[in-house]
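The values are calculated or read from the model by the stated rules, or taken from the named source; none is laboratory data. This structure is a prediction, so every number in the text was calculated from the model and none was measured. For neighbour counting, all protein chains shown are included, and Cβ atoms are generated from backbone atoms with ideal geometry for every residue, glycine included.
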Amino acid sequence: MGAVTALYIAYLLTPIALLAIGSVGATWSNTMLPEGTTLRWFEAVLADRSFRQAFWTSLVVCAATVAICALVGTPLAYALYAAASRKIRLAARILHLLPVAVPAVVLGFGFMLVFSTDALPYLGSTWVLVGGHVVLGLPYLLQALIGDMRHLGLERLELAAESLGASFPQRFRDVVLPALRHSLLSGSIMVAALSIGEFQLSNLIAGFLNRTYPIVLLQAFYGATGFACAATVVLIALAVLASVTGAVAARGAAVRGAAA
Amino acid sequence: MSLVLDGLTYTYPSSQAGVRDVSFEIRPGELLAVIGPSGCGKTTILKLVAGFLRPDGGRILVDGVDASDTPARARGMGVVFQSYALFPHMSALQNVAYPLRIRGVAASERRTRALEALGLVGLAREAERRPAQLSGGQQQRVALARALVFRPRALLLDEPLSALDAARRVETRDEILRVQKAAGIATLHITHDQEEALSMADRVAVMGEGRLLQVGTPREIYERPASRAVASFVGHANLIPGTVRDAGSIDTPFGLLAASSAGRAPGSAVTLLVRPERVALGPAPDGLNTVQGAVVRDRYLGSLRRLDLEAGGHRLTVETAQAGEVSTVHLPPSAIQVLAAEA
């Protein structure tokens, strides 16, 4: 068991380690490891206007995606959880899991068809990009929220609050939101990580001026190895930041869940 | 404060389940327990009284005022839920203070009153703990304090002890009763545990299939059940089919038994109720109602023994503290109650 785990971790970490080494290597050709150390690849990435632009676009798209998912997802999760009819719940569940099951390429093609019509000529705009990321990310947030609502028995908590005199807005503010804060946070970070790394869909629907970081990154692979490594390390750093924050938030939820 | 249910009727959408024409009164300071098999509608009664459901018919009067259309949050009922439903992100103190916060009570008074309520249930020292850091019994007491702190008009208990283990249950039973009597509040107690109901309640309401079968003191319910359904649900019961021969004797599988037919006409079918502990060992001095049979089961239950005696193709359950052989018993006429022979 231990050996399998070690092998798996090695398999997972070796490419990342090589990327990190490559990003500071001066020259790397026909050798096992690069020779010499330098920071010029990172300087080059920083100096590249299209990379700076893409980095900024990725951050904006990510922030907007998370905000919209949280604003739409919380009431939606609540509605799905509270839906009286079992059929409605099943239909909604299938519908909101579809984006997970359907390949992003299919989704992207759909977006291209819809947003290149005369009625909706918005293909290439940042908002369409955000919309695509929301569609992909929302299911994960909903899963986290609905799971937590079931685990908490939110319905009973609400009935209790109601019997104690709380109106709907009071219940939502005092009971529903605070009780869900951990899953809302961990779900949102999942959405953020997904948005930052998303390539398939973005590649199809982003315009030339609002390409996200992973799309521009692909261009780097056709240039110098060190440059490509450095550009990738930037993305990995972002992703690690998102997952570490996510893990910390999820741990908070788990600690509370286990004790409850 | 008193609570009156008057012809309360409710049917769940998309099903036949619900309650029909249920009427009873809970007097000020009284604890009334509603019991019945699962699915009999007892939880529906609580939801209707709490305001979580709106009745299709009938009224709920709180101190003589119709509250049927008052929303749950304005009804002022203190509800203790089966799973306690404490807010996980709040301390015990914040949980208990919450109804006061909603009512706009000033922070300092809120704290004083919440601490006082926690003191009443013996948890003043646990005030800063979160629900997850409290035992099941402690959570239950916090829920009780929270339901009482805002001086509700009635207390509604929904299976408050079912999540506790057997040892804690008896202890907590006394605790609830002490707090309820101290508060002097009309209390509706829903439970499936008949022993809990008989030991705690001033009066017991027995429900079956959405209808109220009988309301009475625990003693009345056990000793004078109004129907076969009540007799078989509350306690152990021998239910013996019979036919009235005349005013003082009834034909049964155990032979002709002397018992008052309670005015039923000769030839009418009846059910005889005999509690197992009322069956006497040995033959009767006058030979009346003596049954001879073979023991087919003998269960040792510590403080007593429960035997099944087979005679005339019918079983008779007997409870006794005595050891030794049993083959002859008798049914004292005073131990026999004649009920209508319903299905």
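When the residues of the stretch B:19-52 are filtered to those that are within 14 Å of another protein chain (Cβ to nearest Cβ) and closer than 20 Å to B:Met1 by Cβ, which remaining residue is surrounded by the most Cβ atoms within 10 Å (Cβ to Cβ)? Filtering first and then ranking leaves B:Val49.
Residues checked against (1) in a helix (DSSP H, G or I); (2) at pLDDT 90 or above:
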{"residue": "A:Ser29", "(1), (2)": "no, no"}
{"residue": "A:Met32", "(1), (2)": "no, no"}
{"residue": "A:Gly36", "(1), (2)": "no, no"}
{"residue": "A:Glu43", "(1), (2)": "yes, no"}
{"residue": "A:Ser50", "(1), (2)": "yes, no"}
{"residue": "A:Val61", "(1), (2)": "yes, yes"}
{"residue": "A:Thr65", "(1), (2)": "yes, yes"}
{"residue": "A:Val72", "(1), (2)": "yes, yes"}
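Looking across the stretch A:132-160, just one residue is surrounded by fewer than 20 Cβ atoms within 10 Å (Cβ to Cβ), in a helix (DSSP H, G or I) and of a type in the set (Gly, Ala, Ser), and that is A:Gly147. Taken together, the residues in the stretch B:91-108 that are touching a residue at least 40 places away in the same chain (Cβ under 8 Å), within 8 Å of chain A (Cβ to nearest Cβ) and surrounded by 15 or more Cβ atoms within 10 Å (Cβ to Cβ) amount to 2. When B:His189 is tested against (1) buried (at least 20 other Cβ atoms within 10 Å of the Cβ); (2) more than 25 Å from B:Gly58 (Cα to Cα); (3) not aromatic (Phe, Trp, Tyr), only condition (2) is not met.
Out of A:Leu154, A:Leu164, A:Leu180, report the one residue that is within 14 Å of another protein chain (Cβ to nearest Cβ) and touching a strand residue (DSSP E or B) at 6+ places or on another chain (Cβ under 9 Å).
Result of the check over A:Leu154, A:Leu164, A:Leu180: A:Leu164.
Of the set (1) among the hydrophobic types (A, V, I, L, M, F, W, C); (2) part of a strand (DSSP E or B); (3) in contact (Cβ under 8 Å) with a residue 40 or more places away in the chain, all apply to B:Leu256 but (3).
If you go through the stretch A:41-74 and keep only what is surrounded by 15 or more Cβ atoms within 10 Å (Cβ to Cβ) and under 23 Å from A:Leu19 (Cα atoms), you end up with A:Trp41, A:Phe42, A:Ala44, A:Val45, A:Asp48, A:Phe51, A:Gln53, A:Ala54, A:Phe55, A:Ser58, A:Leu59.
Within the stretch A:212-231, identify whether any single residue is within 14 Å of another protein chain (Cβ to nearest Cβ), assigned to a helix (DSSP H, G or I), surrounded by fewer than 17 Cβ atoms within 10 Å (Cβ to Cβ) and without any contact (Cβ under 8 Å) to a residue 60 or more places away in the chain, and answer yes or no. No; the residues of the stretch A:212-231 include none that is within 14 Å of another protein chain (Cβ to nearest Cβ), assigned to a helix (DSSP H, G or I), surrounded by fewer than 17 Cβ atoms within 10 Å (Cβ to Cβ) and without any contact (Cβ under 8 Å) to a residue 60 or more places away in the chain.
Residues checked against (1) more than 16 Å from the chain's Cα centre (by Cα); (2) part of a loop (DSSP other than H, G, I, E, B); (3) crowded, with 24+ Cβ neighbours inside 10 Å:
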position: B:Leu144; (1), (2), (3): yes, no, yes
position: B:Ala147; (1), (2), (3): yes, no, yes
position: B:Leu157; (1), (2), (3): no, no, yes
position: B:Arg169; (1), (2), (3): no, no, no
position: B:Asp174; (1), (2), (3): no, no, no
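The set of residues in the stretch B:72-85 being in a loop (DSSP other than H, G, I, E, B) and more than 8 Å from chain A (Cβ to nearest Cβ) consists of B:Gln82, B:Tyr84.
Among the residues of the stretch B:25-37, those identified as closer than 12 Å to B:Val206 by Cα and among the small types (Gly, Ala, Ser) are B:Ala33, B:Gly36. Do we have any residue at all in the stretch A:10-25 that's surrounded by 12 or more Cβ atoms within 10 Å (Cβ to Cβ) and not in a helix (DSSP H, G or I)? Yes, the conditions are met somewhere in the stretch A:10-25.
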